[in-house]
Protein chains: 4
Amino acid sequence: MKFFSDNAAPVHPRVMDAIAAANLLDSPYDGDALSQALDDRFSQLFGTRVKALWVATGTAANALALSALCPPHKGVICHRMAHIEQDECGAPGFFMHGAKLILAEGEGAKLGADEVTRVASQIRDDVHQVQPAAVSITNASEYGLTYTPKEVAAIGDVCKARGLKLHMDGARFANAIASTGADPADVTWRAGVDMLSFGCVKNGGMNAEAIIVFDTALARELPYLRKRSGQLQSKGRFLAAQLLAMLEDDLWLANARAANAGAQAIAEAAGDRLLYPVEANEVFVKLTAPEAASLRAQGFEFYDWGEMTAEGGEARFVTAWDQDAETVAPLAAAIAAL
Amino acid sequence: MKFFSDNAAPVHPRVMDAIAAANLLDSPYDGDALSQALDDRFSQLFGTRVKALWVATGTAANALALSALCPPHKGVICHRMAHIEQDECGAPGFFMHGAKLILAEGEGAKLGADEVTRVASQIRDDVHQVQPAAVSITNASEYGLTYTPKEVAAIGDVCKARGLKLHMDGARFANAIASTGADPADVTWRAGVDMLSFGCVKNGGMNAEAIIVFDTALARELPYLRKRSGQLQSKGRFLAAQLLAMLEDDLWLANARAANAGAQAIAEAAGDRLLYPVEANEVFVKLTAPEAASLRAQGFEFYDWGEMTAEGGEARFVTAWDQDAETVAPLAAAIAAL
Amino acid sequence: MKFFSDNAAPVHPRVMDAIAAANLLDSPYDGDALSQALDDRFSQLFGTRVKALWVATGTAANALALSALCPPHKGVICHRMAHIEQDECGAPGFFMHGAKLILAEGEGAKLGADEVTRVASQIRDDVHQVQPAAVSITNASEYGLTYTPKEVAAIGDVCKARGLKLHMDGARFANAIASTGADPADVTWRAGVDMLSFGCVKNGGMNAEAIIVFDTALARELPYLRKRSGQLQSKGRFLAAQLLAMLEDDLWLANARAANAGAQAIAEAAGDRLLYPVEANEVFVKLTAPEAASLRAQGFEFYDWGEMTAEGGEARFVTAWDQDAETVAPLAAAIAAL
Amino acid sequence: MKFFSDNAAPVHPRVMDAIAAANLLDSPYDGDALSQALDDRFSQLFGTRVKALWVATGTAANALALSALCPPHKGVICHRMAHIEQDECGAPGFFMHGAKLILAEGEGAKLGADEVTRVASQIRDDVHQVQPAAVSITNASEYGLTYTPKEVAAIGDVCKARGLKLHMDGARFANAIASTGADPADVTWRAGVDMLSFGCVKNGGMNAEAIIVFDTALARELPYLRKRSGQLQSKGRFLAAQLLAMLEDDLWLANARAANAGAQAIAEAAGDRLLYPVEANEVFVKLTAPEAASLRAQGFEFYDWGEMTAEGGEARFVTAWDQDAETVAPLAAAIAAL
């Protein structure tokens, strides 16, 4: 059983069905009926008028959003462990034409309002230093922690006071919402978020993510930026279909709840071995190298997170929509038995 | 019946089946079995060792290929009407970091070796002028003309003599091969082509194109460039599946032949109205505004190409894999009856 | 005697004196007294509140100005023969991060309002085509023609109507003003110009040019862009000194008048051989190869402009501030004697 | 007396004389006799064949050098406090088209070979992480520390083993050489340095720095990059004159020795207050806010380095070529008297 990442999980059958159903001739690009329905559907979800644009990957969603929020000569404050800094091969630098990621710290890869203030304050307002234009936070974070609406709003307030835009990387937004029960509006635009990368691929989609633009004035240039970056597919209806299927009857939340439940089951088995509270679908567990080997010998596959030695190390287990509590029971049992 | 473009046609059932069959958990990105099979499969097709990378769009395929062939301070010679110049919202400038498209002329949007020589010769070799690094040609061209292996080889020779790399935009490569019967090897690497954008979407695919790298030394950095541009999908198997299905039993050629046959049927009906020889699946027809209106009143949809007046103008009809001679017979009849 | 270009002429003695006088310890960058005086001094010249920033080269002045007027995904309409297109090694593409120069035509390298309208109208307002954000004109033009305030205002009106910014490359602005007698305000901001590259090097300076920003809101980010491009000198007082010396007692106009007079003397001698009216300090003359050789044998150095054959060709003579009518008399005589 | 920085000091009289002497008509750009002499003169200094290109600023020298050493999709390892990271407003990101600065640690802003190894080893060699292409070190460092040839060679060895290029920011190279007595060859190319930013402005120059290219194959594209970045001055002879004057009779070393001696005098007075060994012309001193105020009341001007409180803080004193031991004696006395 594989716990490497939710990013390679199978596509949910209802998403597959929606893709199959979309296989009709329709207008190219985003002129088709499905793509045209996205703004309304996401506006309904978020309780405010939004623009929603599909792209194929989370990297593209993040980088395009940032490029609309930050000019080439400025920077984006983010966590040192953020996906945009660690795992996107410099995509933000590419899409933002050399703009800088300004690194901040925080427990469990979460940023706090105070840390944003601290980092922003350190930057002298003179031409020698890269000035910040935006902040990017990840919900759920790279270590599976979630933000409360209040936490986001505190960052949003700092941003407003300093004239910074606020982006949320929501590759696992569904897991965060399913876990916290927060109203999607409360943790985004009501808290000051200007753009959200709404994840779908890690949650049972095939290859569609959405950029949700809350400040619709910011949305004007995005379609050009999407085209210019080679992200405008001519049969866009197949991406729109995935996103609509995901929202239909809250499949996105059902999938996330299943994955989260799987993670909780592993977390309970791990007990004191847990490195972070498990608030979404990622579990970081202290293991020794022999323990890791033992689990692998039983057929469980996962990543070491950093170096794993005889004295100990960290292992990461990520659950997907098809790995609920019942499905992961063998792993939970194996961990409990260590 | 729509003749706007082949880019919005339905996906071929065998491609849909392949996508459905790929819905199993596998390694992420291009670590899955299907993606890993691409190099071999395309190497077989081209009779030489190639690297094949999937991306989601033709714009991305072209722009990534060019960015691997041309440094930011140089330029790419292409036709004034090339897709990369006219229709990609500046994607080449973005991916190549400001490198320049150096425009050339040629009948039917085709470049000739002499024209490449003329344009390259005009550029003074001093630091004030942008120096060329590559040439890009489109086969079939924007006006549906094809290149013979000899024509490409003549350009390839000029490139070699001048130290230029050669890229082929093959968004409609299948139509060109199906039409000319040329060996894919003869019209590409044997003629000096270094990279090919191998089209699939316009030919019955959903959202997969391939970058084929003949000079495999050039392929080393491409995977990084692909990731950096947000084109590395985590469930890449769904793109590989499309490409493999297309090559299976030469579906790519069968589809192209059907589309070409449709275009021929329209061409025959158009007779003297034809603006260019029809060598692939695009037909440019002289019509007056009333004639165009009459066709539209009969339910045929197509683009005016430039301004259409009472005195006359140009109309473009593009056929897709599902619009063979039989299917387009009503349009052919309507044109003949004008 | 050299007539290659005004760009290599000696520095005027009063500029040299000003540089020498600036050799005191002062605040770095543009914090010194001389740099701080620039805004006032240029505001006085232009009769309105402007921001004036020194940079070292005309290429930097143009490219920085354009980068403040045009975002990376848009384009700048300019003449096909403009310096920014022909002679700056792609600097606009670099500074504007891949934004495109959209080429227009016009006699003598001048743009007309109708041509700007024509070019802008051709661009479909959809995501596939690069949208224009600005227009750049050159005064005096690459062929030594000048713009009247009315001509600029007509372009300015088109720009306003279409939401385009207007830049003027004034590498030879002094020559244009000295020639036409136009009020500097009338031919710039009153006619809708947003930024001006104010030339100094070609007019007797050493290595200082000024970016004059008429819409001062646009000036806010320019200091950062200047620093980021490596153009912020730490001993900026030596650049400010040049610009102030140039404005002192209208040295800039006196120098330009001298150069223009030299050009007029050559023009009169050339008579029917003239290819363009001589409105500044550039003279384009029809010569045959033997005639060109004869002039060179007499010690006159100049560029062939394009190919020079026995049947004829073009030669370019540029005069500098130290080549007034008297100084160029020998060349004038030699041309008259051909 | 000002100790803010050596970057605003007067220009040395011999440099001023050389500039004045260069005021003759000569070929434009770097075609003049002085510019043409640079390669030979610097080759002599470094005991090997080098290419030497003038630019106007240290930021341009560094950023251009790095852009020739690192492609847009890779990164440059440098110290967290390096000038390129802290003080150049993102110029490296601009010139390198989004390439990343990969930050390392080290006492006194110096990098060690082990730290380079550690940082490089942390980067997984997969497409998700930005791969390093080069290392940049600063000699003397931002805290005035120097590198021995052996220390540089150790880094050079790591670079060679890992296929990384090595750049040295030598804004204060003269101070480092004057201080250590190292052979310029030993601490650069013999130790594996591929390019050096050779500082002149901080050492009595006006506005010329040199990029010294040891691996001359790397020099081929640099002239184009220089032009494209608006750094190619048309009267380049005035920059070449400064560099040649600096090398004449080792003025560069004499100037650096004077500045270093001034720093030593301050250092001796500071005694236990010193934060770093003083190996060049920068002195970092522990002061309390009242002590700093007292020095300022006596007419000494300098920067607080970080926050200065009643409990204490850091102050930076930088000496220039015109502030030798004798000149700074009043400051030394004032510090000793605290």
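log₁₀ I(q)/I(0) of region C:1-104 at q = 0.09, 0.12, 0.16, 0.18 Å⁻¹, via Debye over equal Cα point scatterers, no solvent, to two decimals?
Cα-only, vacuum Debye calculation for region C:1-104: -0.36, -0.62, -0.98, -1.08.
Solvent-accessible area per residue for region B:78-216 at a 1.4 Å probe radius, Å²?
29 Å²
Could you pull the copy-to-copy label distances for residue C:103, with points set 7 Å along Cα to Cβ, in nm to one decimal and sorted shortest first?
0.6, 4.5, 4.5
How big a patch of accessible area, both sides summed and in Å² to the nearest 100, lies buried between B and A at a 1.4 Å probe?
3800 Å²
For region D:32-73, max minus min Cα coordinate along each principal axis, in Å, sorted largest first?
Here the spans come out as 36, 22, 15 Å, largest first.
Quick one: if you stick a label point 7 Å off each Cα along the C-beta vector at residue C:161 and residue C:329, how many nm between them?
5.2 nm
So, in nm, how far is label residue B:216 from label residue B:250 when the simple model puts each one 7 Å beyond its Cα toward the Cβ?
Between residue B:216 and residue B:250, the simple spin-label model gives 2.6 nm.
Could you grab the relative contact order for region C:46-97? Cα pairs under 8 Å, six or more apart, rounded to a whole percent. Numbers along the way, then the final one.
Numbers: 31 pairs, mean separation 21.7, N = 52.
Reported as a whole number, the value is 42 percent.
Quick one: putting +1 on the C-beta of Lys and Arg, -1 on the C-beta of Asp and Glu, what dipole do you get for region D:251-336 around its Cα centre, in Debye to the nearest 20?
Here the size comes out at about 80 debye.
In region C:206-331, how does Rg compare with the Kirkwood Rh, expressed as the Rg/Rh ratio over alpha carbon atoms?
So for region C:206-331, dividing Rg by the Kirkwood Rh gives 1.13.
Apply the Karplus curve 6.51 cos²θ - 1.76 cosθ + 1.60, θ = phi - 60°, to the phi angles in region A:255-263 and return the couplings in whole Hz, x for Gly and Pro.
4, 5, 4, 4, 5, 4, 5, x, 5
For region B:124-163, what is the largest minus smallest coordinate of the Cα atoms on each principal axis, given in angstrom and ordered from greatest to least?
Dimensions of region B:124-163 along the principal axes of its Cα atoms: 37, 21, 11 Å.
Restricting attention to region A:51-109, which trypsin sites (Lys or Arg not before Pro) occupy a DSSP loop and are surrounded by at most 15 other Cβ atoms within 10 Å?
Counting only loop positions with at most 15 other Cβ atoms within 10 Å, the trypsin sites (Lys or Arg not before Pro) in region A:51-109 are A:80.
So what is the 222 nm mean residue ellipticity for chain C from helices alone, if each DSSP H run of at least 4 adds -39500 (n - 2.57) and you divide by all residues, rounding to the nearest 500 deg cm²/dmol?
Details: 13 runs with 135 residues, N = 338.
For chain C, the value works out to -12000 deg cm²/dmol.
Beyond 14 Å, what percent of the Cα pairs of region D:264-338 remain?
55 percent
Looking at the protein assembly as shown only, what percent of DSSP beta bridges run antiparallel? Nearest 5 please. Please report the intermediate quantities before stating the final value.
Values: 72 of 151 bridges.
Of those bridges, close to 50 percent are antiparallel.
What residues in region A:170-203 lose 40 Å² or more of accessible surface when the other protein chains are added to their chain alone (1.4 Å probe)?
Flagged in region A:170-203: nothing.
Return the carbon/sulfur percentage of the accessible area of the protein assembly as shown, one whole number, probe 1.4 Å, all protein chains in place.
Numbers: 22300 of 43950 Å².
Heavy-atom surface of the protein assembly as shown belonging to carbon and sulfur, 1.4 Å probe: 51 percent.
Take the Cβ-Cβ distance between residue A:17 and residue A:48 as r, set R0 to 45 Å, and report the resulting FRET efficiency rounded to the nearest 0.05.
With R0 = 45 Å, the Cβ-Cβ based efficiency is 0.90.
Just add up the charged neighbours of residue C:115: K/R +1, D/E -1, any other residue whose Cβ is under 11 Å from the Cβ of residue C:115.
0
What do you get when you divide the Cα radius of gyration of chain B by 2.2 N^0.38 Å, with N the number of residues?
0.99
Please report, for residue A:216, the nm distances (one decimal) from its label point, 7 Å out from Cα along the beta-carbon direction, to the equivalent points in the remaining copies, shortest first.
3.6, 5.3, 6.4
Before I look further, what does region C:254-336 give for accessible area per residue, probe 1.4 Å, in whole square angstrom?
Accessible surface, normalised per residue, equals 42 Å².
Enumerate the amide H contacts of residue D:134 below 5 Å, restricted to partners 5 or more residues apart or on another chain; note that Pro and chain-start residues carry no placed amide H.
HN-HN under 5 Å from residue D:134: D:75, D:77, D:165.
If you take the beta carbon distance between residue A:286 and residue A:183 as r and set R0 to 35 Å, what does 1/(1 + (r/R0)^6) give as a FRET efficiency, to the nearest 0.05?
0.50
If ligands, DNA and RNA are left out, what is the accessible area of residue B:126 with a 1.4 Å probe, given in Å² to the nearest 10?
Rounded to the nearest 10, that gives 40 Å².
Where is the GNM fluctuation largest for chain B (alpha-carbon springs, 10 angstrom cutoff): B:261, B:109, B:315?
B:315
Starting from the Cα gyration tensor of region A:107-146, multiply each eigenvalue by 5, take the square root, and state the resulting semi-axes largest first in whole Å.
The answer is 25, 10, 7 Å, longest axis first.
Label position 7 Å from Cα toward Cβ: report the copy-to-copy distances for residue A:160 in nm, one decimal, ordered from shortest.
In nanometres, ordered from closest: 3.7, 6.0, 6.7.
Below 8 Å between Cα atoms, with a sequence gap of 6+, how large is the relative contact order for chain C in percent?
23 percent.
Among C:163, C:75, C:236, which one shows the biggest mean-square fluctuation in a GNM of chain C, springs joining Cα atoms closer than 10 Å?
For chain C, modelled as a Gaussian network with Cα springs under 10 Å, the answer is C:163.
Kindly report, to the nearest 10 Å², the accessible surface of residue B:5 as traced by a 1.4 Å probe over protein heavy atoms only.
Counting only protein heavy atoms, the figure is 20 Å².
Can you work out the FRET efficiency for the pair residue A:24 and residue C:125, with r the C-beta to C-beta distance and R0 = 30 Å, to the nearest 0.05?
Taking R0 as 30 Å, the efficiency between residue A:24 and residue C:125 is 0.60.
Just for the Cα atoms in the protein assembly as shown, what are the lengths along the principal axes, largest first, rounded to whole Å?
83, 82, 53
Going through the cross-link list B:100/B:165; B:51/B:235; B:2/B:235; A:74/A:160; A:51/A:160, which pairs have a Cα-Cα distance over 23 Å in this structure?
Listed pairs above 23 Å: B:2/B:235.
The values are calculated or read from the model by the stated rules, or taken from the named source; none is laboratory data. Fair warning: this is a prediction, and the values are worked out from it, not measured in the lab. Glycine also receives a Cβ, built like all others from the backbone with ideal geometry; neighbour counts cover every protein chain displayed. Note: areas computed on protein heavy atoms with side chains; ligands, DNA, RNA excluded. Shrake-Rupley method; radii C 1.70, N 1.55, O 1.52, S 1.80 Å.
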